[in-house]
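Here the structure comes first, spelled out in structure tokens, and everything after it is commentary.
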There are 2 protein chains.
Amino acid sequence: MILAEIITIGDELLIGQVIDTNSAWMGQKLNEIGIKVKQITSISDDKMHILTTLEEAKKRADVILITGGLGPTKDDITKKTLCDYFGSELVFHEPSFKVIEEIFNSRGRTITETNRLQAYVPANCEVLVNKNGTAPGMWFNDGKKIIVSMPGVPNEMKGLMETLVIPQLKSKFNLAPIVHKTILTQGIGESFLSDLIEKWELALPVYMKLAYLPSAGTVRLRITASGKDADVLRKEVESQTEELKKLIPEYIFGYETDQLESLIGELLVQKNKTLSTAESCTGGFIAHKITSVPGSSRYYMGSVLPYSNDLKTGLLKVDPELIAKHGAVSQEVVTQMAELARKMLKTDYAIATSGIAGPSGGSDLKPVGTVWIGIAGPEKTKAWKVQLGSNRLRVITETALHALNGLRKELLATK
Amino acid sequence: MILAEIITIGDELLIGQVIDTNSAWMGQKLNEIGIKVKQITSISDDKMHILTTLEEAKKRADVILITGGLGPTKDDITKKTLCDYFGSELVFHEPSFKVIEEIFNSRGRTITETNRLQAYVPANCEVLVNKNGTAPGMWFNDGKKIIVSMPGVPNEMKGLMETLVIPQLKSKFNLAPIVHKTILTQGIGESFLSDLIEKWELALPVYMKLAYLPSAGTVRLRITASGKDADVLRKEVESQTEELKKLIPEYIFGYETDQLESLIGELLVQKNKTLSTAESCTGGFIAHKITSVPGSSRYYMGSVLPYSNDLKTGLLKVDPELIAKHGAVSQEVVTQMAELARKMLKTDYAIATSGIAGPSGGSDLKPVGTVWIGIAGPEKTKAWKVQLGSNRLRVITETALHALNGLRKELLATK
């Protein structure tokens, strides 16, 4: 079995100013290709400590992935330390400088000498061009061991891992095939899900493993199968997935890296329909999710966000009597909000939300976390209530997932 | 200087199923009392690996804090391993069993033999009674070194740290004070900042260190000072901060954990002013930031989000000729958007954005990442352009920071 170690460098990790999320992500990616992480070590920007940690890691592992300490400032010393370790020297790397130039040009800024120094790399490394930032990654072959140094900025590290490091590790080692399938669910908690699929899970063959990966409002189910023939494994995983779909059809919304906002975008384009929103308690978060998808301007027209009751009646023209009678957080008001937004913004569909995001503002009848969601469409308006606990950001996030998944189901049900 | 190491035990950390948030929290707490974390190590539930990691840590540090591997299942072996390490034996600990009994009774469950075993602890340790869970903590005096083992469940570990471990460490060691100050900047990149403050940084006294902590759109500067007298250090850090403020007054927006959306909220409440938004390219993200602050409904009224040009003219009533002449991404249009939103939503201030978030839609004159921001206030409207690269989410995030900081400056400048 190929073993890896992860070394993360930076004082900010040790004093707890930054949580090390990189290691978990890298651990997942390595695990997916059948490389086992033996140890994760976080140390400070200290030359001697970096060197001894590297030596220790080399005794235990075949692959050592290092992140951090590659910034342009004086306290970032990883590159220099690795260069000294290999007795190499820093040389100018033109393609990396090109990237730095592009980044600075696109921002209309001038490159300083400090930035230019980032394009220097140890002569003995294979440079991993970093398209998302100014610090290049470095791949060193050290006898039979592999040492890779990457920036600590998460999206830069992820870009290098996905496009270069993982593919190169796969081709370098003769790794036993591992097949993964991730099934995405929304609207059900981990323990309820586990009860619903218990029999199926217990009947999985020994070479298949199931992992529950919950995060605010969704639970991902990851099937991992290992064996000798990738094609056979893939077929078996697919057939198990089909069985699972029969058990929880209403909760599955996608697979792998699917995102609800992209899925509804595809459906809207496919059906040539447009969308608008009228958010109250979610305060623009649904609009943000929708517009985070490139090209969303093709189907998303915009939003009215009447956060105050005055704007609900004054701007969106909700009937004041309806609010007086049922309260702003009600089926009646959210239904009217969706229908008015659909009409005012001239779209085929409109999503509306009204709820109590907290932490205060709840009552016995409508406790914090009570949210009404409405979806108005060409044929009808649907409205439903969800109860989402008392954490403000979770209420906002989970409402968005419920609303987007509600729209997805609505679009699928319509011809 | 007293040095500590943190060892976190559990396969779930290495395969990336769980992000290690415990270490950052512990690092903060240790740092606050002047104990420096030298290394954080995550390893699996493996006896030999636990023992060698412990030996290595003891060579470097005075205090070793271990979390995890104390659950009731077979794969949790930390307690047994530590007991063997000290050549001790497991003995029944009545007070810990009382806690286990209470927990099970309160849940209406019966205690199994497996649960009872959790009340056994090595005879040579000082038991740290865990009021939040079934696994007791353990404090070992090992010559001059201290080894503490705690459960990995965050609230159990935190309870033990706050009530027992931190107070005992403080009384055990004669700790030198450490003072931190974090200065938050926006609107300038790490390398430019570093160039601007280079002389100041180089002239810092040897007992002060500066760290750059960049994250999308902001750079935090952290000064760390260690010495003998906390009051003296605090004064010296403050005086250095004053010097720094003179160098980059326009970039500093706050300190420690300040957030722009909270700062503008406080200013608006203080000045009894209201706010609305008219976002185009940021697609609701600014509204989301503002409304993520509890109590924001006091000053934030809502938004019109005219994502399409049709809605810019149809809903917000932007002059179509203005768009035809200057384009939607222009000073003229964003100025009018801000002024119209202020009027239509009846607020004292309004923020407007219009830009090309990308990844496509740019031109030579207005490349992807070109964004106009407008702020309309009671006295005047301000509009300015920023150039933010080609990553869609970064353009959105950084525009929000620019806009919120712009409003903050505007509010500060107005009486």
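Each reported figure results from applying straightforward, stated rules to the coordinates on display, with no laboratory input. Small disclaimer: the values here were computed from a predicted structure and weren't measured. Using ideal geometry, Cβ is built from the backbone for each residue, glycine included, and neighbour counts are taken over all protein chains shown.
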May I ask which residue of A:PRO320, A:SER390, A:LEU411 lies farthest towards the positive end of the charge dipole of region A:263-413, with charges of +1 (Lys, Arg) and -1 (Asp, Glu) on Cβ and the Cα centre as origin? A:LEU411
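Please tell me the relative contact order of chain B in percent, rounded to the nearest whole number, where contacts are Cα pairs under 8 Å and at least six residues apart. Can you show the working numbers first?
On the way: 774 pairs, mean separation 43.1, N = 415.
10 percent.
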Dmax and Rg, reported as Rg then Dmax, of region B:213-332 (C-alpha, Å): 20.6, 68
How crowded by other chains is A:312-321, given as the mean number of beta carbons from other chains within 10 Å of each beta carbon? 2
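Among DSSP bridges having both ends in the protein assembly as shown, what percentage is antiparallel? Round to the nearest 5.
Details: 98 of 148 bridges.
Antiparallel bridges make up about 65 percent of those DSSP assigns within the protein assembly as shown.
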At q = 0.09, 0.12, 0.16 Å⁻¹, the log10 of I(q)/I(0) for region B:260-413 from a Debye sum over equal Cα scatterers comes to -0.24, -0.44, -0.78
For chain B, evaluate the Debye formula with one uniform point scatterer on each Cα (no solvent term) and list log10 I(q)/I(0) at q = 0.06, 0.07, 0.12 Å⁻¹, rounded to two decimals. -0.39, -0.52, -0.99
Number of partner chain Cβ atoms within 10 Å, mean per residue of A:294-301: 5
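Give, rounded to the nearest 20 debye, the magnitude of the charge dipole that region A:263-413 has about its Cα centre when Lys and Arg contribute +1 at Cβ and Asp and Glu contribute -1 at Cβ. Walk me through the numbers on the way to the answer.
Numbers: 18 positive and 12 negative charges, 64 e Å.
Using only the charged Cβ atoms, the result is roughly 300 debye.
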How many nanometers, to one decimal and shortest first, lie between the label point of A:PRO167 and those of its other copies, if labels sit 7 Å from Cα toward Cβ? 5.8
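For the protein assembly as shown, take N as its residue count and report Rg(C-alpha) divided by 2.2 N^0.38 Å.
Rg over 2.2 N^0.38 Å, computed on Cα atoms: 1.00.
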Cα-centred dipole magnitude for chain B, charges only on beta-carbon of K, R (+1) and D, E (-1), debye, nearest 20: 920 debye
Name the residue farthest towards the positive end of the dipole of region A:274-365 from the options A:THR274, A:GLY358, A:THR335, assuming +1 on Cβ of Lys and Arg, -1 on Cβ of Asp and Glu, about the Cα centre. A:THR274
As a percent rounded to 5, the proportion of antiparallel DSSP bridges among beta bridges in region B:260-413 is 60 percent
With one decimal in nm and the nearest listed first, the spacings from B:ASN155 to its own position in the other copies, using label points 7 Å along Cα-to-Cβ, are 3.5
Whole-angstrom Cα spans of region A:3-172 along principal axes, big to small: 44, 33, 33
Going Cα to Cα from A:LYS271, which lysines come in below 16 Å? Please leave out same-chain ones fewer than 8 positions away. A:LYS409, A:LYS415
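How big is the C-alpha Rg of region B:184-255 next to the rule-of-thumb value 2.2 N^0.38 Å, as a ratio?
With N residues counted in region B:184-255, Rg over 2.2 N^0.38 Å equals 1.09.
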Pairs of Cα atoms under 8 Å, at least six residues apart: use those to get the relative contact order of region A:3-172, whole percent. 23 percent
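With a sphere of radius 9 Å drawn around the Cβ of A:THR414, what net charge do the other residues whose Cβ falls strictly inside it have (Lys, Arg +1; Asp, Glu -1)?
On the way: positive: A:LYS271, A:LYS273, A:LYS415; negative: A:GLU379, A:GLU410.
Computed value for this residue: +1.
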What's the center-to-center distance, using Cα atoms, between region B:100-179 and region A:148-207 in Å? 34 Å
Apply the Karplus curve 6.51 cos²θ - 1.76 cosθ + 1.60, θ = phi - 60°, to the phi angles in region A:26-41 and return the couplings in whole Hz, x for Gly and Pro. 5, x, 4, 5, 5, 4, 5, 9, x, 9, 8, 7, 8, 7, 10, 10
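At most 16 other Cβ atoms within 10 Å and a DSSP loop assignment: could you name the trypsin sites (Lys or Arg not before Pro) in region B:209-264 that fit?
Details: sites: B:LYS209, B:ARG220, B:ARG222, B:LYS228, B:ARG234, B:LYS235, B:LYS245, B:LYS246; in loops: B:LYS228.
When the trypsin sites (Lys or Arg not before Pro) of region B:209-264 are filtered for loop state and at most 16 Cβ neighbours within 10 Å, B:LYS228 remain.
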Copies compared at A:GLY362 - label distances in nm, ascending, label defined 7 Å from Cα in the Cβ direction: 4.6
How big is the antiparallel share of DSSP beta bridges in region B:3-172, given as a percent to the nearest 5? 40 percent
Local electrostatic count at B:ASN124 - Lys and Arg +1, Asp and Glu -1, tallied over other residues with Cβ under 15 Å: -1
Pairs of Cα atoms under 8 Å, at least six residues apart: use those to get the relative contact order of region A:299-415, whole percent. 19 percent
